[in-house]
Amino acid sequence: MADSHAKMTQATPREVIISLLAGLFAPLLAIFLIAQLVIGIQSSHKPDASSEAANKATVDRIKPFATLSARDANAPRVEKSGQAVFDAVCTTCHTSGALGAPKYENKGDWAPRIAQGYDTLLKHAIEGLRQMPPRGGDSDLSDIEVGRAVVYMTNAAGAKFKTPEPAAATAAGAAGAPKGDPAKGKAVYEASCAVCHAAGVAGAPKLGDKAAWKDRIAQGYATLYDHALNGIRGMPAKGGHADMADADLAHAVAYLLVEGGGKL
Ligand code: HEC
Ligand code: HEC
């Protein structure tokens with residue numbers, strides 16, 4: 001009895017090999033399948049440089065970054081009009097009424113919203129409201145641009161809001177800037193501003209370079225003064241001379257403006 005039992009459990013060498021192979025087979029199969037999967041994923045992700053379509057897809061993918069870096073950092077920002085912002089961003093929802101957006105030119109949709117007043121509308125457009133994404137989903141838009149788009153849309157539906165302008169260009173901004181005398185500005189310029197503005201260091205608009213100054217001068221004297229006072233991008237506040245009198249700075253700005261072809 002005991003003898004026959006021992007015989008049944010005792011495996012022959014052949015049985016051992018078979019069971020070993022069978023035991024190995026399952027993990028080997030698994031490894032093989034995983035390897036196939038990885039290779040498959042890699043080859044489907046491999047950029048196909050030879051294909052025109054693939055190249056175009058890559059260009060499209062990096063376009064937002066490429067365009068961003070190609071933007072001239074020295075060019076003064078020009079705020080887009082309400083219509084331009086609407087056509088580029090807001091129209092997606094506000095023309096068709098997608099997601100329940102109040103429709104362009106639809107007085108019924110807009111009347112109760114307009115009744116909230118411009119400030120509330122602007123706040124909601126900037127911060128978002130339920131299905132309305134902040135800034136319509138374009139975080140590059142400035143407050144002024146969103147404001148202009150709000151005015152563009154609401155005025156088309158019967159509101160009478162005023163189109164917002166950059167603060168510095170308003171009378172209030174102008175009143176804050178001391179008057180500059182270009183005749184007195186030359187000495188200040190030579191002592192404190194020429195370091196950058198003579199040769200165009202760090203992208204500074206050069207003295208007397210009318211092309212470089214045209215768009216900047218179009219912002220108005222008050223804005224230029226404000227930017228010289230507080231700094232803007234590569235332009236340090238007061239050109240880096242914190243102890244300079246505001247009046248001297250104003251003279252230097254006036255000098256740069258007049259030399260750049262502008263009128264005070
Ligand atoms: C993805 C769709 C979408 C886009 C894009 C979009 N909106 Fe809206 N917007 C909505 C929706 C939906 C509402 C209604 C929100 C609610 O009241 O629930 C709305 C409401 C508004 C309101 C009314 C807010 C209030 O207080 O009643 C303003 C103003 C507004 N949008 C401005 C804009 C501007 C400006 C843009 C473009 C810069 C823009 N929207 C782009 C979907 C959108
Ligand atoms: C360290 C270099 C440097 C110095 C010093 C400097 N600037 Fe500038 N300035 C710049 C650069 C760079 C810009 C362009 C900034 C931009 O628009 O990106 C600029 C721009 C300006 C602008 C145009 C701003 C605008 O809105 O377009 C004015 C005005 C100006 N500078 C005035 C002055 C005056 C006045 C002084 C001397 C008191 C001075 N700068 C000294 C680097 C300098």
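What to note about this one:
- Rounded to the nearest whole Hz, the Karplus-based 3J(HN,Hα) values (6.51 cos²θ - 1.76 cosθ + 1.60, θ = phi - 60°) of region 141-153 follow the sequence 5, 7, 4, 4, 5, 4, x, 5, 5, 4, 5, 4, 6, with x at glycine and proline.
- If you wrap the tightest convex hull around every Cα atom of region 83-177 and split its volume per residue, you get 99 Å³.
- Sequence ranges 228-241, 82-95, ranked by mean other-Cβ count within 10 angstrom, highest first: 82-95, 228-241
- Contact order, relative form, for region 120-264: 25 percent (alpha carbon pairs under 8 Å, 6 or more residues apart, mean separation divided by residue count).
- Entries of 123/210; 123/238; 80/263; 80/210 with Cα pairs more than 31 Å apart: 123/210; 123/238
- Near residue 246, once Lys and Arg are set to +1 and Asp and Glu to -1 for all other residues with Cβ below 15 Å from its Cβ, the sum equals -1.
- Expressed per residue, the C-alpha convex hull volume of region 174-259 stands at 80 Å³.
- Listed peptides 100-111, 244-255 by packing density, highest first (mean Cβ within 10 Å): 244-255, 100-111
- Under 10 Å, Cβ to Cβ, from residue 141 - net charge with Lys/Arg +1 and Asp/Glu -1: -2
- The residues neighbouring residue 176, those whose beta-carbon lies less than 13 Å from its own, together hold a net charge of -1 under the Lys/Arg +1, Asp/Glu -1 convention.
- Scalar couplings 3J(HN,Hα) for region 219-236, obtained by applying the Karplus form with A = 6.51, B = -1.76, C = 1.60 to θ = phi - 60°, are 5, x, 4, 4, 5, 4, 4, 4, 5, 5, 6, 9, x, 8, 6, x, 8, x Hz; x denotes Gly and Pro.
FYI, it's all coordinate maths here, none of it is from the lab. Computed from a predicted structure; not experimentally measured. Please note: Cβ atoms are built from the backbone with ideal geometry, for glycine as well, and neighbour counts cover all protein chains shown.
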